[in-house]
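For reference, the structure is listed below as structure tokens.
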């Protein structure tokens, strides 16, 4: 058996891993490369394997850096099944259509390379999904078996357990950062021979995980006091719902007064509507609030901005307000217009609540840039910028090490999905504390599993 690593090696996007036995080929993930242009250009190159020879695909969750090239795989001849959880299937349909629409929009501006795939490819590949429940044993193909465990990263995210040729391989996908609102805690795994493990925050320790809602509460109260604007660039899935949940709880528990909250992301609005279909996957506290009659993701002061005109009106609204808008790394979407309008105002606070890839505007701002270019304009950053790492949906090196320590008999760990310094640091920690052999695969490297 061989594992080939074709993405997210020394970077955090483009997850794609080929597993080959003597008779079968399956891939874990088929994700977009995101960030700098020299990374995104990889999305246009040929796959390093024949798509028509791939028997099946297994997807851990619905973020585009894990699913974003599935339509291209289909367009290149893939006819097998795609396995995921049920929420991942629903979200994938939304995200892939949105990604294709964004490609078409970019043809008129920055993208001169053409479309990666068509809408027909998106609709076609969705037909190949065969969703499974957590903890359900299923056959991928022939004697390759699999099971999904809850990764606690986003709704529907999964740890993948594979049984192949008498060996157990565990693929983490992206591990969560428990405890977080709504989601259940990340499952621990008892046994594995080999682990393919993410390392996004392999060099970071999230401070004050239990206090993160208090930090948000403090920012909201300061925003009210300063009669300012709290901007939250947010990912459409998980982060947006987590923020809405916590603001709703603060208002319900009388910790903050009513304040206008603008949800200005058509994609996040679509995603939020799916959440109630999967209440069975919620944690105990979310279920408790629902049982008491609380609509956990909606409250009277929440303003849903579906149209462009509704979005434009936000800049004219006087008084303190909160604006939650995509994209989470300020790479596009409506948040750019709000950052252009409000970042030069000292009464504004920008709350960064997720990982920012190198080369993105979000990364530039949290790294301390005092002037940035947004939509062609030079903007002086006078706003207060706060990065709340504890809102990350990824576990830090402490949790990653703890999670791995619970697995018995691990022979080798392959660290992927992390910038080079992050996975090198995590590798050193694993070697020194757990004494497990770690490997840092490079892109296009093939490793034989004996």
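Counting only DSSP beta bridges with both residues in the stretch 209-391, what percent are antiparallel, rounded to the nearest 5? Kindly include the intermediate steps, with their values, before the conclusion.
Details: 4 of 23 bridges.
Beta bridges within the stretch 209-391, antiparallel portion: roughly 15 percent.
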At q = 0.14 Å⁻¹, what log₁₀ I(q)/I(0) does a Debye calculation on the Cα points of the stretch 106-166 give, no solvent, two decimals? -0.65
Express in whole angstrom the spacing between the alpha-carbon centres of the stretch 39-59 and the stretch 139-187. 22 Å
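Could you state the per residue volume, in Å³, of the convex hull enclosing the Cα atoms of the stretch 209-391? Before the final figure, lay out each step's value.
Numbers: hull volume 20.9 nm³, N = 183.
Value for the stretch 209-391: 114 Å³ per residue.
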Rounded to the nearest whole number, the Stokes-Einstein translational diffusion coefficient of the stretch 384-426 at 20 °C and 1.002 mPa s (Kirkwood radius, C-alpha pairs) in µm²/s is 172 µm²/s
Against the globular-protein guess of 2.2 N^0.38 Å, express the Cα radius of gyration of the stretch 397-450 as a ratio, rounded to two decimals. 1.12
Roughly what would the spin-label model give for residue 269 and residue 344, points 7 Å off Cα along C-beta, in nm? 2.9 nm
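Between Rg and the Kirkwood Rh of the stretch 308-386, both from Cα atoms, what is the Rg to Rh ratio?
Values: Rg = 11.9 Å, Rh = 12.8 Å.
For the stretch 308-386, the value is 0.93.
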State, to one decimal in nm, how far the label point of residue 45 lies from the label point of residue 298, with both points 7 Å from Cα in the Cβ direction. 4.7 nm
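How much length is gained if the chain between residue 398 and residue 421 is pulled fully straight, taking 0.36 nm per residue apart and subtracting their Cα-Cα distance, in nm to one decimal? Spell out each step's value before the answer.
Details: separation 23, 0.36 × 23 = 8.28 nm, distance 1.58 nm.
Roughly 6.7 nm would be gained on extension.
So, R0 is 30 Å and r is the distance between the beta-carbons of residue 127 and residue 306; what FRET efficiency does that work out to, to 0.05? Can you show the working numbers first?
Values: r = 28 Å, r/R0 = 0.94.
Once the sixth-power term is evaluated, E becomes 0.60.
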Angle between the Cα long axis of helix 239-252 and the longest principal axis of the chain, 0 to 90 degrees, nearest 10? 40 degrees
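Most exposed first by the Cβ proxy, i.e. fewest other Cβ within 10 Å, how do 27, 54 rank? Working shown, then result.
Working: 27 27, 54 22.
By the 10 Å Cβ count, ascending, the order reads 54, 27.
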If I take the Cα coordinates of the chain and project them onto the principal axes, what are the three extents in Å, biggest first? 66, 46, 40
Take every DSSP beta bridge whose two residues both sit in the chain, then give the antiparallel share in percent to the nearest 5. 40 percent
Once both label points are put 7 Å beyond Cα along the C-beta direction, the residue 138-residue 106 separation in nm becomes 3.0 nm
In degrees, nearest 10, range 0 to 90: what is the angle between the Cα axis of helix 86-106 and the longest Cα principal axis of the chain? 70 degrees
Helix-only mean residue ellipticity at 222 nm for the chain, each DSSP H run of n ≥ 4 adding -39500 (n - 2.57), per residue, nearest 500: -8000 deg cm²/dmol
What angle, in degrees between 0 and 90 and rounded to the nearest 10, separates the Cα long axis of helix 212-225 from the longest principal axis of the Cα atoms of the chain? 20 degrees
Would you mind getting me the FRET efficiency between residue 218 and residue 185? Use the beta-carbon distance for r and R0 = 25 Å, nearest 0.05. 0.45
Equivalent-ellipsoid semi-axes of the stretch 335-450, from the Cα gyration tensor, Å, largest first: 39, 16, 10
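We did not get these values from a lab; they are worked out from the coordinates using the rules stated. Predicted, not measured: the structure shown is a model, and the values here were computed from it. Positions of Cβ are backbone-derived with ideal geometry, glycine not excepted, and every protein chain shown enters the neighbour counts.
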